[in-house]
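The block underneath contains the structure these notes are about, expressed in structure tokens.
Quick note: the coordinates plus some simple rules give every number you see, no bench work behind them. Please read all numbers here as calculations on a predicted model, not as lab measurements. Cβ coordinates were reconstructed from backbone atoms using ideal geometry, including for glycine residues, and neighbour counts include every protein chain displayed.
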Amino acid sequence: MTSPEICFRLGKTESYLVNRLRKKGFVHLTLFDPEVRDASTLAKLAERSEEMGTDGFMVGGSTVYFREMMDEAIKAIKSVSSLPVIIFPSNITSVSPHADAIFYMSLLNSLEWWFILGAQIHGSLMVKEYGLEPIPMGYVVFKGETSVAVVGRAFPLPESKPNIVASYALAAQLLGMRLIYLEAGSGAESPIPPDLIRIVRKVVDIPIVVGGGIRSGRDAANAIRAGADIIVTGTLVEHEPHKLAEVVEHAAEAAKERPPAISRYMGARV
């Protein structure tokens, strides 16, 4: 029995990501926390990141309490780059009209209703009013000692039980979310284990985003080989920007070893 063809129209930013996946076999996104760097520094880092091969930018942080911080960060990035800027929200205070899109995501393993669905409900009219392109995403957080796990009250998922994680990812897909993000957390000591990514890859056919703890080309290549489609680096770019070229290069080589897993998008009109 074959699955029915899925046909839907993607927005401009999501179409861009899908086309990059089809062309390169992977996507790299640079994550900036507006609390960590001032606007002028962010502009310089964004310009350098584009030169080294990043495909786009995410802006957000676990403790962004004022929208003005997001506005300034996004405008700074856009002043030097035409690559898409996607909001990576922690709360409704992250919703800015200056971005191209927003990852409209649910923190699936949170113990708080607010982070699973509440903030999404309260922020929905803002997203519509600002004309932001929503990209539906399931979000799963590991590493209980990281800021995102603490702020989002994430129920710790055991990395040693990948089938449990896979069930969260598959639930996201069955609910209609078009991406699943496996997050180790900003500043995590180690990245998501390749074996865990591999098990998730076996049960979902939507793109897998992996972030947190990726500090080298080897880390990036391991994630891509295991089944990641989009890799995110943040702390690396902020503290060791020269390593970004290494990450992108190794990811590109690893992507050549396997086809991109974007079957759910094949019927999409882009």
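Here are a few things to note about the model shown:
- Which of Val18, Pro191, Ser147, positive extreme of dipole for the chain (C-beta unit charges): Val18
- Out-of-range pairs (alpha-carbon distance over 29 Å; input Lys75/Lys202; Lys24/Lys44; Lys24/Lys202; Lys202/Lys256): Lys75/Lys202
- Among Lys78, Lys12, the ranking by other beta carbons within 10 Å of each residue's beta carbon, starting with the fewest, stands as Lys12, Lys78.
- Cα gyration tensor, the chain - rounded (a/c under 1.5), prolate or oblate: rounded
- Ranking Leu175, Asn109, Ser62 by Cα position along the charge dipole of the chain, where only Lys, Arg, Asp and Glu carry charges on their C-beta atoms, puts Leu175 farthest toward the positive end.
- Here the chain is treated with +1 on each Lys and Arg Cβ and -1 on each Asp and Glu Cβ, and its dipole about the Cα centre works out to around 860 debye.
- Note on Leu196, Leu10: ascending count of other Cβ atoms within 10 Å places them as Leu10, Leu196, the fewest first.
- Every helix of 4 or more DSSP H residues in the chain counts as -39500 (n - 2.57), and over all residues that averages to -11500 deg cm²/dmol at 222 nm.
- Residues Phe57, Phe115, Phe103, sorted so that the one with the fewest Cβ neighbours within 10 Å comes first: Phe103, Phe115, Phe57
- Residue among Val27, Val85, Val151 with the largest mean-square fluctuation in a Gaussian network model of the chain, springs linking Cα atoms under 10 Å: Val151
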